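The values are calculated or read from the model by the stated rules, or taken from the named source; none is laboratory data. Note that this is a predicted model, so its numbers are computed, not measured. In this analysis, Cβ positions are derived from the backbone assuming ideal geometry, glycine residues included, and neighbour counts consider all displayed protein chains. Calculation scope for accessible area: heavy atoms of the full protein, side chains included, ligands and nucleic acids excluded. Shrake-Rupley method; radii C 1.70, N 1.55, O 1.52, S 1.80 Å.
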2 protein chains.
Amino acid sequence: MSKLDPVRLYLTGLQQGITSAIEAVDGSAFLVDTWSKAAHEPLQGQGVTCILENGAVFERAGCGFSHVRGRSLPPSATQHRPELAGAPFEAMGVSLVFHPRNPYLPTVHMNVRMLAAKTHDGMEVCWFGGGMDLTPFYAFEEDAVHFHGVCRTALQPFGDDKYPRFKTWCDEYFYLKHRQEQRGIGGVFFDDFAELGFEPSFDMMRAVGDAFLGAYLPIVERRKATPYTEREREFQLYRRGRYVEFNLVWDRGTHFGLQSGGRTESILLSMPPLVSWSYQRTDPPGSPEDDLTKKFLVRREWV
Amino acid sequence: MSKLDPVRLYLTGLQQGITSAIEAVDGSAFLVDTWSKAAHEPLQGQGVTCILENGAVFERAGCGFSHVRGRSLPPSATQHRPELAGAPFEAMGVSLVFHPRNPYLPTVHMNVRMLAAKTHDGMEVCWFGGGMDLTPFYAFEEDAVHFHGVCRTALQPFGDDKYPRFKTWCDEYFYLKHRQEQRGIGGVFFDDFAELGFEPSFDMMRAVGDAFLGAYLPIVERRKATPYTEREREFQLYRRGRYVEFNLVWDRGTHFGLQSGGRTESILLSMPPLVSWSYQRTDPPGSPEDDLTKKFLVRREWV
């Protein structure tokens, strides 16, 4: 048994737990699509893409597990680790993006992942990464506080520094430079993490994955029946454009995946079901729509 | 008078001519937004962004002129011209993307541009670029033949080789590698062009700009009243997702613009007004929707 087996087992179980819970909330089932990539492709491996479209609560909810092997780490992955340039690697993770229908419900993203590579002298090196972040369309202070509180509590056992570090990392990562806007109210994000050693780093990744439902579902329950009109719906479609812009222009995972021959439909499960663009939309000063980016989607301490 | 003045004059006139013609077809007016970027920003310069949203024929039609100066050519622009690395430059162009409402009308893109830079010993070097390409949602052989025919005729005076070269270049450029799909039925595309000398190269760029209305408007007239149902509309929204994917993931101009501090809303006038994504959409074999990518959006000789 490889030391990666428990990671795989954890990840597939996490995917099952999350999709079951979402099915219970939504009343619709995920489509479960098991795929594999043959050995002659740039990446080989398998995955399970779960997708729920046109649900009662979720307009599009994707949750994917993948486990791929590659002959040679891409340069983007070894900038800070020249000793691993070109090393064979193995990567696995669970990634999800849920786009609710009701504009008062925030979009959410969570990802936990592990990368293992072998150095030239046969040493196996593993790093972990992960995080979750929330993208609301309307400002609810208590939702942001709750979400960040759950993130902080989950990371507490791994040291007082983890939440503040990963919270800042998240704010810096999910930033649309071309708009000078945060994508949402953040959460936590970490990458290339191995500093605690294999087992505790794996535990930390697991803590983030396990915290997801507790961070998000209470917000879903609280907001899912909020009545809304065409006005909020239009604003939601417009703001979803920012999500697309971030993911396709700035997100390293998406870019690397699409350019390196990853499975397009699984990578793009993050795309919203319906999106609009319009030129320089402006909202009345003081309206909730105008306040969103000016007052709510700003870097601040939530807990 | 600089030798760039006639280029600027041509480009502003081209923008006016095209937007007037589109207004006449649509019955709505473009919003004309004149902007400038101050000297302390990474790029300085001015532009005129014309945008028509929610028109009778065009759901979103953007046509922008811009003229910018920069202190130093970005590395991406000097890969093949190391002698110009870091040289001050000037760029101007007209770029348009029109998204019609009727799914039987194709989306169209046209761009003409000029770049001038000064070498260390004070020599001014100019290149031209340009092209136009068509992205249909439903296959009409005669539209593709007409569009390519106009492109070929426009380039004929500049040598027999120009249309075939630029047609191939267009097919290669507007290709979604992650989907293994062409963006549309192509047209022509050229870049870094100076081989004929300044005046004839400028003439060639002008020939492309001047050919645009004749290439596109007859197709608009022919298709704009075609009745359609929710089925065609849904397919159009879905296919527009490919347009977004190409522009945000692969288009060098968009990427360079967004990452280098260009004017976001002017760069993103290429985005469709409304777009959808869905997981692995499949259409009945033999349906027009299924045939589009399999039979129509393939590299072939149209004229």
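Compare the Cα positions of B:215, B:249, B:285 along the charge dipole of the range B:214-303 (+1 at Cβ of Lys, Arg; -1 at Cβ of Asp, Glu; about the Cα centre) and return the one farthest towards the positive end. Sorting the options by dipole projection puts first B:215. Annotation note: trypsin sites (Lys or Arg not before Pro) in the range B:36-130 located in DSSP loop regions with a Cβ neighbour count of at most 16 within 10 Å are B:71.
Placing a label point 7 Å from the Cα of residue A:72 along the Cα-to-Cβ direction, the distances to the matching points in the other copies come to 3.1 nm, shortest first.
Annotation: residue A:223 carries an accessible surface of approximately 20 Å², with a 1.4 Å probe and no ligand, DNA or RNA atoms counted. When Rg and the Kirkwood radius Rh are both evaluated on Cα atoms of the range A:24-113, their ratio Rg/Rh stands at 1.12. May I ask which of A:177/A:295; A:37/B:294; A:177/B:118 have a Cα-Cα span longer than 24 Å here? The pairs that break the limit, which is 24 Å between Cα atoms, are A:177/B:118.
Ordered from highest to lowest accessible area with the whole protein assembly present and a 1.4 Å probe, B:161, A:210 read as A:210, B:161.
Restricting the calculation to Cα atoms, every distinct pair contributes to the Kirkwood radius of the protein assembly as shown, found to be 26.0 Å.
At 7 Å along Cα-to-Cβ for each site, give me the label-to-label distance between residue A:28 and residue A:298 in nm. My value for the distance between the label points is 3.7 nm. When only the Cβ of Lys, Arg, Asp and Glu is charged (+1, +1, -1, -1), the dipole of the protein assembly as shown relative to its Cα centre reaches about 60 debye.
Equivalent-ellipsoid semi-axes for chain A (Cα gyration tensor, √(5λ), whole Å, largest first): 32, 21, 19. Relative contact order, whole percent, for chain A stands at 16, derived from Cα pairs under 8 Å and 6 or more residues apart. Shielding value for A:173-186 is 2, the average number of Cβ atoms from other chains within 10 Å of each residue's Cβ.
Taking every residue in A:256-266 and counting other chain Cβ atoms within 10 Å of its Cβ, the average works out to 3. Taking the range A:88-184 on its own, what percent of its Cα-Cα pair distances exceed 16 Å? Roughly 67 percent, rounded to a whole number.
Inter-chain Cβ neighbour count for B:50-61, averaged per residue, equals 1 (cutoff 10 Å, partner chain atoms only). Under a model in which nothing but the beta-carbon of Lys, Arg (+1) and Asp, Glu (-1) is charged, chain A shows a dipole of about 400 debye around its Cα centre. When the residues B:301, B:124, B:289 are ordered by accessible surface, computed with a 1.4 Å probe over the protein chains alone, the sequence from largest down reads B:301, B:124, B:289.
Between copies, how far apart are the residue B:6 label points? List them in nm, one decimal, shortest first, with each point 7 Å from Cα toward Cβ, please? Listed shortest first, these distances are 7.6 nm. The separation of the range A:1-69 from the range B:227-254, counted between C-alpha centres, amounts to 27 Å.
Taking the Cα centre of the range B:15-74 as origin, work out the dipole magnitude from +1 charges on Lys and Arg Cβ and -1 charges on Asp and Glu Cβ, in debye rounded to 20. Provide the component values of the computation, followed by the final result.
Numbers: 4 positive and 6 negative charges, 83 e Å.
That gives the range B:15-74 a dipole magnitude of about 400 debye.
Placing a label point 7 Å from the Cα of residue B:256 along the Cα-to-Cβ line, the residues of the range B:6-45 whose backbone N sits under 18 Å from it are B:42-45.
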